[in-house]
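S.K.: Before anything else, here's the structure in question.
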Amino acid sequence: PTDIVKEKERENFYTVTPKTLNNLVSNFPNESFLPLGIKDESNIIFEACNEYFLKENGLSEYLLNRPLDKKHFIIKEKVFTTDKRIGIKRNNNTFSSEEGFIYSLEFAHLWRDYGLSNKEFGFIIEINSQLLNISDDNFKCLRLGGESRTALYEAVEGWKEIPKLDVKNRFKLILLTPAIFENGWIPDGLSEISNDGKKILQGEINEIKVKLISAAVERYIGIGGWDIIEGKSKPLKRAVPAGTVYFFESLDGKEFNTEEIHNKLFMESIMKDKNLRKEGLGLTIIGVW
């Protein structure tokens, strides 16, 4: 998540939260929008944690707004490495390359046995389908990805259940997958209004009435693809990257209904576009701050 930072050149980790600063002068258009900082004043120099993953135990601590340390993280390069490849288009008749047709692909290779009792890295996938026969414990094969690589799969127990959080009158949403919103980085359902001379972003997200207090957003990423029906590339769209964090409060200061928050936002998409929701974009989980 983008609201986690580390001390420069050290593995000391901190979670930033919206912070009111006295005598702050800014030309940011939304006066009610708060900057992010750590709770205690400090002269520590921070940097982003883009080269780390949160472990399962770290995710639970993070969502509960508890202190984090290096045992909660794993360096990305110890999980996988990437391999970039260049390709060309060839003429089927002459077998020569066609001018102006070149592309690049990036592949991820998972490492084996990172001191984890001879276990291998893989993916845990939840499906709502009977297409795969996973009723027993034996490994089975399937084709995975655009190059139809052989993969083994087996049935496993569900991931560690994250307890329902007592969100009170505020919470944060963390994007697990990229999101393509109608208004750039601003989540669908929010609009700018003027309240007592201050501009506020507020509205409904999945029928939950909220106002946006702050956000930790990195630069956009491009999402495209191949249109199988049309036989051509899909237009490249700008998307908010996974890991982006939005901080919300209730409109009237009253506490949220915790059950409703979890039912409508936990592992649910916050995008309005139904087709993109089906593709898995805009999935979120909930944390407290």
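S.K.: Any idea which of (1) under 21 Å from TRP289 (Cβ atoms); (2) under 24 Å from the mean Cα position of the chain (by Cα); (3) surrounded by fewer than 16 Cβ atoms within 10 Å (Cβ to Cβ) is the one LEU36 doesn't satisfy?
M.R.: LEU36 satisfies every listed condition except (3).
S.K.: Residues that are exposed (fewer than 11 other Cβ atoms within 10 Å of the Cβ) and hydroxyl-bearing (Ser, Thr, Tyr): list the strands (runs of 3 or more DSSP E) wholly contained in the range 48-95 that include at least 3 such residues.
M.R.: Of the strands (runs of 3 or more DSSP E) lying wholly inside the range 48-95, none has at least 3 residues that are exposed (fewer than 11 other Cβ atoms within 10 Å of the Cβ) and hydroxyl-bearing (Ser, Thr, Tyr).
Okay, residues lined up against (1) over 19 Å from the mean Cα position of the chain (by Cα); (2) at pLDDT below 90; (3) in the same structural domain as ASN57 (by TED's automatic domain parsing):
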| site | (1), (2), (3) |
| --- | --- |
| GLN130 | yes, yes, no |
| ASN138 | yes, yes, no |
| ASP188 | no, no, yes |
| ASN195 | yes, yes, yes |
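S.K.: When you scan the range 196-209, how many residues do you find that are closer than 12 Å to LEU251 by Cα and in contact with a Lys or Arg (Cβ under 9 Å, 6 or more places away or on another chain)?
M.R.: 5
S.K.: Within the range 145-159, restricting attention to residues that are part of a loop (DSSP other than H, G, I, E, B) and either over 16 Å from ILE127 (Cα atoms) or of a type in the set (S, T, N, Q) (or both), which residue is modelled with the highest pLDDT?
M.R.: My answer is SER148.
S.K.: Taking into account only those residues within the range 190-223 that are out of contact with any Ser or Thr (no Cβ under 6 Å at 6 or more places or on another chain) and not in a strand (DSSP E or B), which is surrounded by the most Cβ atoms within 10 Å (Cβ to Cβ)?
M.R.: Only one residue fits best here, namely ASN206.
S.K.: Identify, please: which residue in the range 244-267 is closer than 24 Å to ASN50 by Cα and modelled with pLDDT under 95 and is, among those, surrounded by the most Cβ atoms within 10 Å (Cβ to Cβ)?
M.R.: It comes out as PHE266.
S.K.: Limited to the range 162-189, what total is found for residues that are in a loop (DSSP other than H, G, I, E, B) and on the phi < 0 side of the Ramachandran plot?
M.R.: Adding up the residues that qualify gives 15.
S.K.: Consider ILE75 carefully, then state whether it is more than 30 Å from ASP166 (Cβ to Cβ), among the aliphatic types (A, V, I, L, M), more than 25 Å from the chain's Cα centre (by Cα) and modelled with pLDDT of 80 or more.
M.R.: no
The rows are residues; the columns are (1) in contact (Cβ under 8 Å) with a residue 24 or more places away in the chain; (2) farther than 19 Å from GLY184 by Cβ.
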| site | (1), (2) |
| --- | --- |
| SER233 | no, yes |
| ARG238 | yes, no |
| ALA242 | yes, no |
| GLU249 | yes, yes |
| HIS262 | yes, yes |
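The values are calculated or read from the model by the stated rules, or taken from the named source; none is laboratory data. Computed from a predicted model, the values in this text were never measured in an experiment. Don't worry about glycine lacking a Cβ; one is built from the backbone with ideal geometry, like all the others, and counts go over all protein chains shown.
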